[in-house]
Amino acid sequence: MKEENLIKEKSYSFALKIIELYKFLNLEKNEFVLSKQLLRSGTSIGANVEEAQAAQSKKNFLSKLSIASKEARETLYWLRLIKDSGYLKDYHNNESLFQEINSIINILTKIIKTLQANLK
């Protein structure tokens, strides 16, 4: 499986888990502000990866994937903040979310660096 397809699948699967966490934070913890930020950035990763698939050029493709990478890093920030503020103590997928977002960041970084090298 090519990395572009892998990142599409991983970011989509991750978005579904972020939606699940968002529901948990809203319904179980009555937390609405941080969870909304997490929902926006966590689902935006896959949306930007999907948009990149219709890019008109390699530079446009690189731009969309760079936005996805920024959103992934923002998502990691919100996850850390939510965890460190105590909201994830009794959440079942706590650690796997961190493993997945770090994997997504690593894959995006590798794709972006390869594209940048090929554009030179």
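Okay, here's what the table says:
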{"quantity": "Sites matching chymotrypsin sites (Phe, Trp or Tyr not before Pro) across the range 1-65 that sit in DSSP coil, with at most 12 neighbouring C-beta atoms within 10 Å", "calculated": "32"}
{"quantity": "Out-of-range pairs (alpha-carbon distance over 28 Å; input 2/59; 17/120; 10/59; 2/120; 83/113; 89/113)", "calculated": "17/120; 83/113; 89/113"}
{"quantity": "Rounded to the nearest 20 debye, dipole of the chain from Cβ charges on Lys, Arg, Asp, Glu", "calculated": "500"}
{"quantity": "Stretch gain in nm, segment residue 98-residue 30, where the contour uses 0.36 nm per residue and the Cα spacing is subtracted", "calculated": "22.3 nm"}
{"quantity": "Residue-averaged [θ]222 nm for the chain, counting only DSSP H segments that reach four residues, each worth -39500 (n - 2.57)", "calculated": "-29000 deg cm²/dmol"}
{"quantity": "Neighbourhood net charge (11 Å Cβ-Cβ; Lys/Arg +1, Asp/Glu -1) for residue 42", "calculated": "-1"}
{"quantity": "Residue among 103, 57, 45 farthest towards the positive dipole end of the range 24-120, charges placed on Cβ", "calculated": "57"}
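Every read-out reported here was derived from the displayed coordinates using simple, explicitly stated rules and does not represent laboratory data. Everything numeric in this text was worked out from a predicted model, so none of it was measured. Please note: Cβ atoms are built from the backbone with ideal geometry, for glycine as well, and neighbour counts cover all protein chains shown.
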